[in-house]
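The values are calculated or read from the model by the stated rules, or taken from the named source; none is laboratory data. Note that the structure is predicted; figures quoted are calculated from it, not measured. Cβ coordinates were reconstructed from backbone atoms using ideal geometry, including for glycine residues, and neighbour counts include every protein chain displayed.
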Amino acid sequence: WKCESCGYEYPSSQMNGSKCIHCSYIRPMMFPTWYPSSPKSCEEAILSFPSGETRLNRVLAGVMPHAGWFFSGPVASRVATIFPKDIEVFVVFGAVHRMRLLEPCMLLGGKWTTPFGAMEIDTPLAVRILKYYPKIIISPRAHETEHSIELEIPFLHYYYPQAKIVPIMTPPSLMAKELGHAVGKAAKEDGRKIAFVASSDFTHYGINYGICDFGPLPQALPMIHQQDGRLLNKIIHLREEETLEEALTSQSACGPGAILSALSASKELGAKGGEVLEYTTSMELRPRESSDSTVGYGAVVLG
């Protein structure tokens with residue numbers, strides 16, 4: 001049996017009536033607490049955030065934070081607004097917070113619901129990625145409880161309504177480098193205008209996270225800036241293994257696998273470097289709501 005939507009062919013032993021387990025509507029679980037749920041309020045929030053500017057001649061990839069928009073929306077928006085308007089597909093690499101994944105997890109077909117409707121999963125590119133990285137897991141269920149990708153999709157849907165997406169949850173290991181290069185090769189073979197997004201926050205510090213090595217806040221902020229600065233420097237210089245090593249050693253990113261995959265994919269397409277558009281922390285953005293804990297937010301582009 002062959003699914004008419006995504007084209008996946010099932011052996012008779014795997015048939016589940018006529019329902020394809022690879023195709024699904026991914027419905028938001030984080031609004032309205034993390035971002036607005038209605039089209040009007042979501043649009044108003046997006047338009048209140050700043051746009052991004054870059055010195056790069058082209059933008060192939062970006063790193064966006066994924067905290068609630070009340071905190072990280074202004075930083076995420078700098079990356080969301082900076083891609084060419086005719087992008088056809090975004091590959092969105094997400095952090096893995098809740099599931100224990102040994103391999104990356106991708107959606108092969110279906111749609112992702114946003115306040116503006118639904119973004120279609122680009123099956124042709126997903127199939128090509130599967131060809132270059134056959135170890136990837138296909139599971140809608142894993143994506144249903146992960147917020148890292150969800151927080152970015154409404155931005156992309158609003159600014160690039162014609163675009164499709166390929167969401168991939170990416171564990172923090174060197175397999176992310178292999179995956180990124182596989183995705184880059186698939187993108188080159190595909191031939192369309194494809195961009196990469198990594199969803200990750202930076203250092204989580206304070207009582208809420210059990211990490212207080214630099215002393216109390218806000219006195220610890222300069223050390224947090226310094227720590228995240230080391231990682232950001234490795235990212236914009238496209239140092240693949242060093243990026244992962246720094247993030248894991250310093251615990252300075254919750255989505256280092258996602259960052260590494262986007263970095264490697266952009267290198268496969270010829271990226272030469274990057275730029276930090278903005279870096280700040282939740283304490284600096286919202287001091288009244290961040291008295292004893294803080295999270296680093298970075299807007300980064302590669303090209």
I'd like the full set of residues that are within 30 Å of Val127 (Cα to Cα) and either polar (S, T, N, Q) or without any contact (Cβ under 8 Å) to a residue 60 or more places away in the chain (or both), limited to the stretch 200-222. Ser200
In the set Glu150, Glu178, Glu146, the lone residue that is of a type in the set (D, E, K, R) and more than 16 Å from the chain's Cα centre (by Cα) is Glu178
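Do we find that Ala76 is more than 26 Å from Pro171 (Cα to Cα), small (Gly, Ala, Ser) and surrounded by 15 or more Cβ atoms within 10 Å (Cβ to Cβ) in this structure?
Against the criterion (more than 26 Å from Pro171 (Cα to Cα), small (Gly, Ala, Ser) and surrounded by 15 or more Cβ atoms within 10 Å (Cβ to Cβ)), Ala76 does not qualify.
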The stretch 180-199 - residue that is more than 27 Å from Ser77 (Cβ to Cβ) and in contact (Cβ under 8 Å) with a residue 60 or more places away in the chain and, of those, surrounded by the most Cβ atoms within 10 Å (Cβ to Cβ): Ala186
Residue in the stretch 173-196 that is nearest to Met64 (Cα to Cα), counting only those that are of a type outside the set (Gly, Ala, Ser) and not in a helix (DSSP H, G or I): Phe196
Among the residues of the stretch 286-301, write down those that are at pLDDT 95 or above, of a type outside the set (Phe, Trp, Tyr) and under 16 Å from Asp228 (Cβ atoms). Ser293, Thr294, Val295, Gly296, Gly298, Ala299, Val300
Are any residues in the stretch 69-94 in contact with a Ser or Thr (Cβ under 7 Å, 6 or more places away or on another chain) and over 15 Å from Tyr158 (Cβ atoms), and if so, which ones? Phe71, Val75, Phe93, Gly94
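Select the strands (runs of 3 or more DSSP E) contained entirely in the stretch 76-172, then report the ones holding at least 3 residues which are at pLDDT below 95. Show your work before the answer.
Numbers: elements: 89-94, 109-114, 117-120, 164-169.
Counting at least 3 such residues, we get 109-114, 117-120.
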Qualifying residue in the stretch 38-53 (condition: under 19 Å from Ala258 (Cα atoms) and either of a type in the set (Lys, Arg) or at pLDDT 95 or above (or both)): no
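Given Thr281, Thr243, which one is β-branched (Val, Ile, Thr) and farther than 15 Å from Lys177 by Cβ?
Sole residue among the options that is β-branched (Val, Ile, Thr) and farther than 15 Å from Lys177 by Cβ: Thr281.
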Please determine whether any residue of the stretch 211-227 is farther than 20 Å from Glu268 by Cβ, in a strand (DSSP E or B) and either in contact with a strand residue (DSSP E or B) (Cβ under 6 Å, 6 or more places away or on another chain) or not charged (D, E, K, R) (or both). yes
Name the residue that is nearest to Pro216 (Cα to Cα), counting only residues in the stretch 253-275 that are out of contact with any helix residue (DSSP H, G or I) (no Cβ under 7 Å at 6 or more places or on another chain) and surrounded by fewer than 19 Cβ atoms within 10 Å (Cβ to Cβ). Lys272
If you scan the stretch 237-252, which residues turn out to be surrounded by 19 or more Cβ atoms within 10 Å (Cβ to Cβ) and in contact (Cβ under 8 Å) with a residue 60 or more places away in the chain? Glu240, Leu244, Ala247
Looking only at the stretch 276-303, how many residues end up being within 17 Å of the chain's Cα centre (by Cα), surrounded by 19 or more Cβ atoms within 10 Å (Cβ to Cβ) and not hydroxyl-bearing (Ser, Thr, Tyr)? 9
Restricted to the stretch 200-223 and to residues being of a type in the set (Val, Ile, Thr) and either surrounded by 14 or more Cβ atoms within 10 Å (Cβ to Cβ) or touching a Cys at 6+ places or on another chain (Cβ under 8 Å) (or both), the residue modelled with the highest pLDDT is Thr203
